[in-house]
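Below is one structure, written out as C-alpha cells, with a few remarks after it.
The values are calculated or read from the model by the stated rules, or taken from the named source; none is laboratory data. Everything quoted here is computed from the prediction, not taken from an experiment. All accessible areas refer to the heavy atoms of the entire protein, side chains included, with ligands and DNA or RNA removed. Shrake-Rupley method; radii C 1.70, N 1.55, O 1.52, S 1.80 Å.
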Amino acid sequence: MKYTVLCVALAALAGTAQAGFFSESENNNTLALANDIGSFGAPGGSAVIDGVLGLNDVDWFTFTLTDTASLSVFSAFGANGDGAMQIVAAGGDVIAFDDDSGVGLMPAIQIENLAAGTYYMGFTGFGDVDASSVASDELADGLGHQENFGYKLTVGFSVVPAPGALALLGMGGVVMTRRHRI
Ligand SMILES: [Ca+2]
Ligand SMILES: [Ca+2]
Ligand SMILES: [Ca+2]
C-alpha cells in the first residue's frame with residue numbers, strides 16, 4: 001500500500017517538461033509586441049527560436065515562469081553576424097545584458113534562481129545597447145546596429161525541486177531498489 005502511494009506521488013512530482021519550436025513573428029520590436037514563447041514551471045522546459053535580425057531590427061520574446069527557475073540562453077548564427085541580448089523583468093528593469101559570452105561574437109546568458117513571473121528576452125545587433133543598459137534600463141530598439149543575419153536561440157529552464165520533493169524522491173529510490181530484489 002505504501003508503495004502505491006509513493007508511486008502516485010512520484011508520478012505527480014515528475015510532471016512533463018515543456019518544449020517548443022518557434023519562429024519569430026514581426027513586428028516584435030517592443031516589449032508590448034514581444035512574441036510569447038510560453039509558460040514554464042517544474043520540472044523545467046526548453047524552447048528553440050528561429051529568427052532573422054534585419055537592419056534596424058530588434059526581436060523581443062516573452063515567457064512566464066510559474067516556479068523559480070534557472071535560465072540559460074545560447075545564440076547561434078554565422079560568422080558574418082554580431083548579436084547582443086538583454087533579459088528584462090516585467091516592469092522594464094534590464095536585469096542582464098550580454099554581447100560575446102558564447103562562441104565568437106554570440107551572446108549567451110545564464111541566470112540562477114529567477115523568481116516566478118513574466119520576463120522579456122531581446123535579441124539585437126552589436127551597437128544597439130551595451131552593458132550600461134543594466135543600470136540605465138535602456139531597452140534595445142534595433143537602432144544603432146548594422147547587422148543583418150539569421151539566428152537561433154536555445155532557451156532552457158530548470159527548476160530545482162524543493163527540499164521536501166527531494167526527500168520524497170530519495171524514499172522512492174529506496175522502495176524501487178527493494179522491489180528489484182524480490
Ligand atoms: Ca526579426
Ligand atoms: Ca523585430
Ligand atoms: Ca556579440
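Along segment 58-71 the Karplus relation, 6.51 cos²θ - 1.76 cosθ + 1.60 evaluated at θ = phi - 60°, assigns HN-Hα couplings of 9, 10, 9, 10, 10, 8, 10, 9, 8, 9, 4, 9, 9, 10 Hz to successive residues, with x for each Gly and Pro.
Ordered by 1.4 Å accessible area with all protein chains kept, Tyr120, Tyr151 run largest first as Tyr120, Tyr151.
Report the normalised scattering of segment 33-107 as log10 I(q)/I(0) at q = 0.12, 0.16, 0.25, 0.27 Å⁻¹, calculated by the Debye formula with identical scatterers on the alpha carbons. Ignoring solvent entirely, the Cα scatterers give -0.38, -0.68, -1.47, -1.55. Phi-derived couplings, Karplus 6.51 cos²θ - 1.76 cosθ + 1.60 at θ = phi - 60°, listed residue by residue for segment 93-99: 6, 6, 9, 7, 9, 8, 10 Hz, with x used for Gly and Pro. Rounded to whole numbers, the Karplus 3J(HN,Hα) couplings from phi for segment 76-83 are 9, 6, x, 5, 7, x, 9, x Hz, using 6.51 cos²θ - 1.76 cosθ + 1.60 with θ = phi - 60°, and x at Gly and Pro.
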